[in-house]
Amino acid sequence: MIGRLNHVAIAVKDLAASSALYRDTLGARVSQPLPQPEHGVTVVFVELPNTKIELLEPLGADSPVAKFLERNADGGIHHICYEVDDILAARDRLKATGARVLGSGEPRIGAHGKPVLFLHPKDFCGTLVELEQA
Ligand code: CO
């Protein structure tokens, strides 16, 4: 059911320093910072040949990434995103197995303008999983 790895999201405290690390130390192509107030983050996209890394810095008081950074002072992997062909069919199949879909269960428009859902980390090996309509 799941397809390509769309991205790995890493929460960071200092987006400028993290961007420089990926650009200068790791030699990757990185985007300009993109504020996404509706998601409570500022994002830098790191373009790799086969996938993307998203560096997420908290934006605003109730950012979901801020809570994560309280528990993970050095930053860390926040979620991974898999593509699915049909997000509603994927959701219904997962719910039928007892997996928990976060929020209302209705897809929201994600960072790439496509519908996304998040799955409870306790149901997926301790990893927050994002599904994105391909
Ligand atoms: Co994501």
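Quick notes on this one:
- Pairs are defined by a Cβ separation below 6 Å, a sequence spacing of at least 6 or placement on different chains, a first member in the range 71-88 that is of a type in the set (D, E, K, R), and a second member that is at pLDDT below 95; the pairs so defined are GLU83/ALA134; ASP85/ALA134.
- In the range 3-22, the residues that are part of a helix (DSSP H, G or I) and loosely packed, with under 15 Cβ neighbours inside 10 Å: ALA16, ALA17, ALA20
- Count of residues meeting criterion [aromatic (Phe, Trp, Tyr) and within 14 Å of the ligand (Cβ to nearest atom)] in the range 19-60: 1
- Among the residues of the range 60-74, those identified as part of a loop (DSSP other than H, G, I, E, B) and open to solvent by less than 80 Å² (accessible area, probe 1.4 Å) are GLY60, SER63, ASN72, ALA73.
- Of residues in the range 101-134 being within 16 Å of the ligand (Cβ to nearest atom), more than 14 Å from the chain's Cα centre (by Cα) and open to solvent by 60 Å² or more (accessible area, probe 1.4 Å), the one nearest to ALA11 (Cα to Cα): GLY103
- Filter result for ARG108 (of a type in the set (Lys, Arg) and over 17 Å from PHE124 (Cα atoms)): yes
- Residue that is farthest from ASN72 (Cα to Cα) [pool: residues in the range 39-52 that are open to solvent by 20 Å² or more (accessible area, probe 1.4 Å) and outside any loop (DSSP other than H, G, I, E, B)]: GLU47
- Residues satisfying the stated conditions in the range 29-38, i.e. open to solvent by 20 Å² or more (accessible area, probe 1.4 Å), out of contact with any helix residue (DSSP H, G or I) (no Cβ under 8 Å at 6 or more places or on another chain) and over 14 Å from ALA17 (Cα atoms): LEU34, PRO35, PRO37, GLU38
- Residue match in the range 93-100 (condition: in contact with a strand residue (DSSP E or B) (Cβ under 8 Å, 6 or more places away or on another chain), more than 16 Å from the ligand (Cβ to nearest atom) and in contact (Cβ under 8 Å) with a residue 24 or more places away in the chain): yes
- Residue check for ILE77: open to solvent by 40 Å² or more (accessible area, probe 1.4 Å), within 13 Å of the ligand (Cβ to nearest atom), among the β-branched types (Val, Ile, Thr) and at pLDDT below 95: no
The values are calculated or read from the model by the stated rules, or taken from the named source; none is laboratory data. The shown structure was predicted, so the numbers you read here are calculated from the model rather than taken from an experiment. For neighbour counting, all protein chains shown are included, and Cβ atoms are generated from backbone atoms with ideal geometry for every residue, glycine included. Calculation scope for accessible area: heavy atoms of the full protein, side chains included, ligands and nucleic acids excluded. Shrake-Rupley method; radii C 1.70, N 1.55, O 1.52, S 1.80 Å.
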